[in-house]
Structures are given as structure tokens and as C-alpha cells.
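These notes are about the structure you will find just below.
The values are calculated or read from the model by the stated rules, or taken from the named source; none is laboratory data. On a predicted model such as this, the values are computed, not experimentally measured, just so you know. Here Cβ is always computed from backbone atoms with ideal geometry, including for glycine, and neighbour counts include all displayed protein chains.
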Amino acid sequence: MSMLSFRALLLLCVASGINGLVLTTSCERSTVPTITGGVGELLRVHRWSRRCGRLLMDSDERNPGRVVGTDLRILEYPDPRLRASNTDVTSFKDYKLKKLVKEMFKVMYASGGVGLAAPQVGINQRLMVFNPTGDSTEASSEVVLCNPEITEVSEPTEVEVEGCLSFPGFTADVRRHSAIKVRYQNMKGKWLEETLVDWEARIFQHEYDHLTSTLYIDRLDASERARVQENLVELTDKFGPGGAP
Ligand code: CO
């Protein structure tokens, strides 16, 4: 099935109000081919410390509000821009894209996050940035992905704690594929392919969701969703009328 129909299916699941959409067999198995033969045969594999990631996600994430050097701000649920559809990045090698990416990293580091998707700062484009180390001095670990797609997923999945900068104040257990194969365009517009595992695969899947108008609360099982319901009501009340579900 093509990525276009994969996206369409995801959106359909959201529109139908199916909770935990890709955790269901019908959504998961029929969309993206499963990686077989183990990750050893795959082109490039990155691993990062999960301990580092857990620490960042569990305790250090926050909405910094205004950040020096940028007007971008983290949007919080249920801002409708988090559920809006996102367009492809079409201009590469230009100053505007460079500036946007630079400012997204600024906001991400100021938030104590390890990844940020453009819709989270009100830019409804298929663009994400991440740095699995969460450390602004580790610039060599910074990753910028334009128009990313998931081309294969591993059969094994893992449940780990996640937080989201657009959902301050709580974290929740989320099931994700342990390994994924992705393709994306870099800032010069060149298509690249990579295999991501563990922590990096998780960050990618979380940020990729933002680009398909999916939020991580959609992926919680019933008990996790019930557990965070009060937090969601608080955020909805704080946002006021006009928020998206
Ligand atoms: Co998020």
C-alpha cells in the first residue's frame, strides 16, 4: 500500500474516532510492510541511550513560552493547528527553511525536548527536527527531516513512557514499533533512506504522528487514556472554546 493510502487510512481512523489507531491489527499490518531479516542487514542503524531519553521525557520537558531569538511558540492541546493537515515542504536550500529549522531547534532545546514537529509551532508543513541526545552542544546528532515517510516497520513493538511538548504536565505509556525504515528529504531536497531503531525510532514515530495530524493521546490504550483524561480536560478548559478534539 502506498504512503498516500497509509496517510489516508490514518486520517480515516482519526476521523472515525478509533482510539489507539495503529495499535489495531487492521491499521498496523495492512499499511506498512514489516521489516524482515533483522536490522543487521539494513543500511544504517543508529542507537541512542534510552536512559538519557527517558530522563528527558519524564522530568525535563516544559513549555518555555517565549524563546530568545524566535517568535515560534509551542502550541498546546487542543489548539486546532495540531489537528490541521500539513503540506509538503517544497522549497529547499533557501534561507526561510534554514531559519525555521534553526528556530525549531532553539525552541526544542529550550523545552528540554528531543524532537519537535513543525505543526507544534503553528507551521503546518511536513517537517520535523530531533536530537536524540537532547543536548544543544551535540549538534552532530541533530536530524532534520522534510516530507518523511515510513516505508517498513518491525513486527516487534515496545511500550515506553512518552511525553509531548504540546501536552504539558503528564506522560503516558505508548506502544511503538522497535525498528522502522524511513525515507525523507534533507534540507537540500535530496531523498535519503535510513533505518532507525529503539529510541530514535520512537522519537521519529512520535514526531511523524504530528505530521499526520495524529497526537500521542490517540495511541494510548484504554486504561492509559482514562488515567490522563483529567489532564486533557484541564488543558481543554485552559484553551477555552474553539479547540480541536
Ligand atoms: Co509531540
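Okay, here's what the table says:
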item: Candidate set from segment 177-190 (those that are under 26 Å from Val107 (Cα atoms) and not small (Gly, Ala, Ser)); member that is surrounded by the most Cβ atoms within 10 Å (Cβ to Cβ); result: Tyr184
item: When residues of segment 149-187 are limited to those that are more than 13 Å from the ligand (Cβ to nearest atom) and touching a Cys at 6+ places or on another chain (Cβ under 9 Å), the one farthest from Ile203 (Cα to Cα); result: Met187
item: Some residue of segment 113-120 being more than 15 Å from the ligand (Cβ to nearest atom), closer than 28 Å to Gly242 by Cα and modelled with pLDDT of 95 or more; result: no
item: Only one of Val161, Val233, Val144, Val174 that is surrounded by fewer than 16 Cβ atoms within 10 Å (Cβ to Cβ) and out of contact with any Ser or Thr (no Cβ under 9 Å at 6 or more places or on another chain); result: Val233
item: Of all residues in segment 208-229 being more than 15 Å from the ligand (Cβ to nearest atom) and in contact (Cβ under 8 Å) with a residue 24 or more places away in the chain, the one that is surrounded by the most Cβ atoms within 10 Å (Cβ to Cβ); result: Glu224
item: Positions within segment 89-122 being outside any helix (DSSP H, G or I) and either closer than 14 Å to Val144 by Cα or touching a helix residue (DSSP H, G or I) at 6+ places or on another chain (Cβ under 8 Å) (or both), in sequence order; result: Val89, Ser91, Phe92, Lys93, Gly112, Gly113, Val114, Gly115, Leu116, Ala117, Gly122
item: Failed condition for Glu149, given (1) over 16 Å from the mean Cα position of the chain (by Cα); (2) closer than 23 Å to Phe105 by Cβ; result: (1)
item: Members of segment 191-207 found to be surrounded by fewer than 24 Cβ atoms within 10 Å (Cβ to Cβ) and in contact with a helix residue (DSSP H, G or I) (Cβ under 8 Å, 6 or more places away or on another chain), listed by number; result: Thr195, Val197, Asp198, Trp199
item: Residue in segment 209-229 that is assigned to a helix (DSSP H, G or I), among the β-branched types (Val, Ile, Thr) and out of contact with any Lys or Arg (no Cβ under 6 Å at 6 or more places or on another chain) present; result: yes
item: Candidates Leu232, Leu192, Leu196 - the one that is at pLDDT 95 or above and within 16 Å of the ligand (Cβ to nearest atom); result: Leu232
